[in-house]
């Protein structure tokens, strides 16, 4: 599965061109410090617009669509570990039902309530 394939599939199912390359971040599972999960590097200014995160697990042959509406997360710099005006987020894949930023220095922000859909491939 690729980012473009996932965007196309979601847009077709929604019958709308909601997702595009500019408002959608793609992440696949990668190893990190004895764990594995998804890295998201989100521009802090991006939280002012609607954001879509597609997190893919090739092993589970599925991906999730996380949708965060504009200005839903106020003061993202206080919620996430930040570097160079980017929110640095790591979501562990160990418990795929619990999508929480696990990086030290963050607030353990949960993305669970923002899951908009889950797709198998």
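Overview of values
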item: Ranking of 116, 109 by count of other Cβ atoms within 10 Å, fewest first; result: 116, 109
item: Two-site label geometry, residue 32 and residue 77: point separation in nm, points 7 Å out along Cα→Cβ; result: 2.2 nm
item: Most mobile listed residue (108, 22, 69) in the chain, GNM with C-alpha springs under 10 Å; result: 22
item: Calculated FRET efficiency for the pair residue 50/residue 86, C-beta based, R₀ 25 Å, to 0.05; result: 0.85
item: Average Cα contact separation per residue, the chain, under 8 Å, 6 or more apart, as relative contact order %; result: 23 percent
item: Relative counts (whole %) of C-alpha pair distances in the chain, using bins that are 10 Å wide; result: 13, 48, 33, 6, 0
item: Ascending count of other beta-carbon atoms within 10 Å, so fewest first, for 78, 24, 102; result: 78, 102, 24
item: Prolate/oblate/rounded call for region 1-43, Cα gyration tensor, a/c under 1.5 rounded; result: prolate
item: Residue with peak Gaussian network fluctuation, the chain [Cα springs, cutoff 10 Å], from 21, 101, 84; result: 84
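We did not get these values from a lab; they are worked out from the coordinates using the rules stated. Predicted model, so just to flag it, every value in this text is computed and none were measured. So basically every Cβ, Gly included, is an ideal-geometry build from the backbone, and we count neighbours across all protein chains shown.
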